[in-house]
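One structure below.
None of the figures in this text is laboratory data; all of them are computed from the coordinates on show. Predicted, not measured: the structure shown is a model, and the values here were computed from it. Backbone-built Cβ (ideal geometry, glycine too); neighbour counts: all protein chains shown.
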Amino acid sequence: MQTRIPLPRPVQPLHVYRHLLRSATYFPPSIRPFLDHRIRTTFRNERDRMAESELKILESLNPAEDREKEEDRRKKVLADAKHRIPALQAAVEGDQDRLRRVMWHVFGRLGKSRRELMASFVLKGSDPDADPAKLEELAKKKEMQRELMKKRAKVHPWNRTYTWDEPTPWLRQHLSPMEENWDLPKLDRYLRSQKSHQRNITGAAFPRGTIGDLDPTKDVPEQDGWGRPVALRRVTKLTRKFWKAQADKVMPPVSQEEWESLKQLASGEAPPEMYKMLKRRRIAGPLMGAPEDIEASGDDMTSDRFSILFNNGGNEWGPWEWQSSAHIPVRDVERAGQRKLELLTGKKDLGPFSQARRLLVEYGSKTGRLRIKESERPIFSRRAVRREYLKMWQATSYMKGPGNKAARPVWGRVEPKLPVVTAAHHHFFEGVNAQGRMPKPEPPKSATTSSPMPDGEKAHPKGSEQVGSGGESGATSEPRSKSPDSEKSRTPGDSKAKPRDFKPSKPSRPPREVDSTPGSFRNFKFSKPRDFRPARPPREVDTTPGSFGSFKFSRPRDYRPRDSRDPKPTDD
């Protein structure tokens, strides 16, 4: 189904303006007013600026050059506005990343609204406990310093005197006095609160990443390149650079009313209209061609037929000018229909090797052709939109407290709720203690006799025979006494009969001495490689002058010993 009206050529600002307003009407009521107001104010401000520039061009000394610069600026502004149209259309048609980016702009996490909230948040307010006399004295010092800088600026650079405390950059650079205008202690407290909050929140909720180290002087060196103390001006620059880098990651607080309304959207308590994207209706196609085709078409104008009519000037069966497309690579032709660009371009690849999303095709009864069936399922479910609202709420806070010093930020946080274990899940936790661990199994106990044994009695294995005065049964309770024959020396015959009794034991290896000296290699054992070969002894070389004792004659490759049957060479 064709849902995007192509822009006529050449592109006019009024056409882009209407397309943007039309794209904003498909968003939920929580997003639509912001987009509508932003589009209208941006175009009206640009219209007023163009009117002022026309008056300046008429009074300019070089109107041709100023006119060229103005035309270039208008082209860039128009191209930027035209670039926003497919982004808004893709956000409505299922592009989750672009929808999240639109929400960041709507709820003040990115863009102009964030900068406005940030400017009012870091602004240093007047101290009610300050002494009026000190404030007046400070204002006089600033005025004197301002007058002094004006006088120095009028002095020629050749006549200026430079010192270590007041180098040249004091006269030329115009940096914002951050220490005087920003409430840095307040910003530091808010940064620490946001850093601790981001540890428990998904990173997809914050568009600017996590906050790092909060030490302003971490990049300030102790000495400069000449070994001298770092100039105060350089310390000021590095400190301001740190605060600006951290301020870009700050999600400024909003009012409590906005925070509460966003909480309702995140919890699902808002009306159902806040979670629905309006469905696009089919655009009207030109009714051209034969009368019978017009009568049969009706409302069944397919996207394929509309593209054919639009490209061929209304003639559906007109010849296709393939010469203009023959020199274009296939990858460039099919790029607009790729899956990652399908939502951005609005084109679908319907070929047999398409990687696009599955489309439902039905047979048109009036036209007799296949067409894309419209799906009744919404593009974004209520749950998906509610989760996007939840990410916005987790990245938003409001200041709770009477004053600036006592106020603390309150962030959107969802307390995790563990589900109650049912009876069917109890078998997963059988045998687990209160600490969530399985108890160690007790070792098996060995079987012992119940009657105590006498001190001098030892246990004997079953089947062993005891020799004593009790006969063959050996049922005597007296301990065995050593026989007198055991003390006699054995004969050589006995040693031959039982050679295993005299099995020699291997001598124990003495303990190895280990060198514990640091960096010592005495304990390292080198192993021989498999292809190890002993080194050949050095060859004796005769160094006598004119001697050929060290010369070795080699045989040529085609050498063959002469056979006795070969004819002897003759001297011709």
Requested in this report: Please give the FRET efficiency for Ile283 paired with Val420, using the beta carbon to beta carbon distance and R0 = 51 Å, rounded to the nearest 0.05.
Outcome: 0.45
Query raised in the report: Which FRET efficiency value, to the nearest 0.05, is calculated for Arg408 and Asn45 with the Förster distance at 41 angstrom and r the Cβ-Cβ distance?
Result: 0.65
Query - Simple label model, 7 Å out from Cα along Cβ direction - Arg73 to Glu273, nm - result: 4.1
**Report entry** Average Cα contact separation per residue, the range 13-93, under 8 Å, 6 or more apart, as relative contact order %
**Finding:** 47
Query raised in the report: Stretch Arg369-Ile5 to full length: gain in nm at 0.36 nm per residue minus the Cα-Cα span?
Result: 128.7 nm
Query - Protection proxy ranking, peptides 23-33, 263-273, average beta carbon neighbours within 10 Å, highest first - result: 23-33, 263-273
Requested in this report: Let me know the charge dipole size of the range 13-93 about its Cα centre in debye, to the nearest 20, where only the beta-carbon of Lys, Arg (+1) and Asp, Glu (-1) is charged.
Outcome: 460
Report task. Evaluate the distance, in nm, between pseudo-label points positioned 7 Å from the Cα of Arg331 and of Ile379 along their respective Cα→Cβ axes. Result -> 2.9
Query raised in the report: How would you rank 186-192, 335-341, 438-444, 50-56, highest first, on the average number of other Cβ atoms within 10 Å across their residues?
Result: 186-192, 335-341, 50-56, 438-444
Query raised in the report: By what distance, in whole Å, do the Cα atoms of the range 191-233 stretch along each of the three principal axes, largest value first?
Result: 47, 17, 15
Report summary line: Fraction of alpha-carbon pairs in the range 13-93 farther than 20 Å apart, rounded to whole percent, equals 43
Report summary line: Too long for a 22 Å Cα-Cα cut-off, among Lys186/Lys244; Lys347/Lys391; Lys75/Lys279; Lys112/Lys391, are Lys347/Lys391; Lys75/Lys279
Query raised in the report: Once the Cβ-Cβ distance between Val220 and Ala247 is put in as r, and R0 is 22 Å, what FRET efficiency do you end up with, to the nearest 0.05?
Result: 0.75
Query raised in the report: Quick one: which of Lys249/Lys400; Lys69/Lys151; Lys82/Lys195; Lys276/Lys340 span more than 31 angstrom between C-alpha atoms?
Result: Lys69/Lys151; Lys82/Lys195
**Report entry** Full-extension gain in nm, Gln435 to Glu362, via 0.36 nm per residue minus C-alpha separation
**Finding:** 20.3 nm
Query raised in the report: Excluding Gly268 itself, what net charge comes from residues whose Cβ is under 11 Å from its Cβ, given Lys and Arg +1 and Asp and Glu -1?
Result: +4
Query raised in the report: Using the count of nearby Cβ atoms within 10 Å as a rough guide to exposure, how do Asp213, Asp95 rank from fewest to most?
Result: Asp213, Asp95
Query raised in the report: Measuring from label point to label point, each 7 Å out along Cα→Cβ, what is the Ala153 to Leu14 span in nm?
Result: 4.6
